[in-house]
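Encoded as structure tokens, the structure appears first; notes follow it.
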Amino acid sequence: MTEPPAKSHGRLSISASRSPRSLMDGPPRLKGAFTAKVLTLFPEAFPGVLGASLTGKALAEGLWALQPIDLRTFGLGPHRKVDDTPAGGGAGLVMRPDVLGPALEEAAVGTPADPARWPRLCLSPRGVPFTQDMARTFARAEGMTLLCGRFEGIDQRVIDHYGLMEVSLGDFVLTGGEIAAQAILDATVRLIPGVLGNFASTEEESFSDGLLEHPQYTQPREWQGREIPEVLLSGHHGRVAAWRRAEAERLTRERRPDLWRRRDDDSRD
Ligand code: SAH
């Protein structure tokens, strides 16, 4: 076994450059670390913004791992074709099931079939809107697989056959699933113990209690004629907590009546 292994199907080659991609190959992955497998036509888009700041540091330390899988390597024929015209006609191209299937099979190697232990997502504007609760659920898993669409989207049979969970970033249309995948991974990975360190609390932030967060202030005390609310400078923890709570409730009522109603409903259960 002196021969180096041939470039394996669907895996990125290890690059000697100091490009962001080397972040994904370099760090030793800690045993049992959360692993994200991302199926994409644009593996070079990863880790992208996930390579910066706290998620990037955690990635480099092996607190989580990222494995982009290049869909092009599963393409068919000499041109590695991944898409074709929509059945029934119309504009655009649809990603082929006989390309996505083998890619998903490869991503599944070594992962548990139980969706609670390993969620399998397909990014889609038709999906269930992503929430903080979903991020909390995903962060408890051993890892997850995310399939990024492009063009008009992907053949429905792939979603049905693999029972993919369709998840949307919101009511707008992106050109591809990569930004949505990075947003979902960012929200998920920061909840993995150790990733944020002491920098932030995930207990008091927006959505943690079904509320938006209260406004934040910092130095200087006065800026452009605007003062920090007096109560925050009082040093009185009880009054500060009460003010923050009242502000969180006011903002949630004003800006997100949907969240506010859900809290009412939940408290009646
Ligand atoms: N024709 C589709 C849109 C395709 S956009 C439709 O009308 O529903 C191409 C790809 O971008 C999608 O397959 C999906 O992976 C991704 N995408 C676009 N908008 C998205 C959103 N709001 N949330 C998550 N993924 C999205």
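None of the figures in this text is laboratory data; all of them are computed from the coordinates on show. Every value quoted in this text rests on a predicted model; they were computed, and no experiment measured them. With ideal geometry, Cβ positions are generated from the backbone for all residues, glycine too; neighbour counts draw on all protein chains shown.
For this structure, a couple of remarks:
- Backbone amide hydrogens, once placed in the peptide plane, bring residue 37 within less than 5 Å of 67, 144, 145, 146, excluding anything fewer than 5 places away on its chain.
- Cα-centre dipole for region 204-268 with unit charges at Cβ (Lys and Arg positive, Asp and Glu negative), debye to 20: 140
- Student exercise, region 34-189 dipole from Lys, Arg, Asp, Glu Cβ charges, in Debye to nearest 20: 120
- Positive-pole candidate from 109, 87, 130, dipole of the chain, charges at beta carbon: 109
- Eligible aspartates and glutamates near residue 31 by straight Cα distance, threshold 18 Å, same-chain separation 8 or greater: 61, 142
- Residue 160/residue 230 FRET efficiency (R0 51 Å; Cβ-Cβ; nearest 0.05): 0.30
- DSSP beta bridge pairing in region 34-189, given as percent antiparallel to the nearest 5: 15
- Built from the Cα atoms of region 34-189, the convex hull projects on average onto 9.3 nm², one quarter of its surface area.
- Sorted by Cβ neighbour density within 10 Å, fewest at the top, the residues 148, 122: 122, 148
- Shown is the FRET efficiency for residue 175 and residue 239, computed with R0 = 35 Å from the Cβ-Cβ distance and rounded to the nearest 0.05: 0.10.
- Ascending count of other beta-carbon atoms within 10 Å, so fewest first, for 49, 109: 109, 49
- Residue 206 versus residue 267: modelled label distance in nm, points set 7 Å from Cα along the beta carbon direction: 2.2
- For residue 154, nonlocal amide neighbours, meaning residues 5 or more places apart or on other chains whose placed amide H falls under 5 Å from its own, are 95.
- For region 206-232, the residues whose amide N sits under 19 Å from a probe point set 7 Å from the Cα of residue 196 along the beta carbon direction are 206-218.
- Only aspartates and glutamates eight or more places from residue 81 in sequence, or on another chain, were considered; those with a Cα closer than 12 Å are 98.
- Evaluated over the chain, the Cα radius of gyration and Dmax, each in Å: 22.1, 72
- Residues 120, 136, arranged from fewest to most other Cβ atoms within 10 angstrom of their Cβ, appear as 136, 120.
- Percent antiparallel among DSSP beta bridges (both partners in the chain, rounded to 5): 20
- In this calculation the C-beta distance from residue 113 to residue 31 is compared with R0 = 30 Å, giving a FRET efficiency of 0.90.
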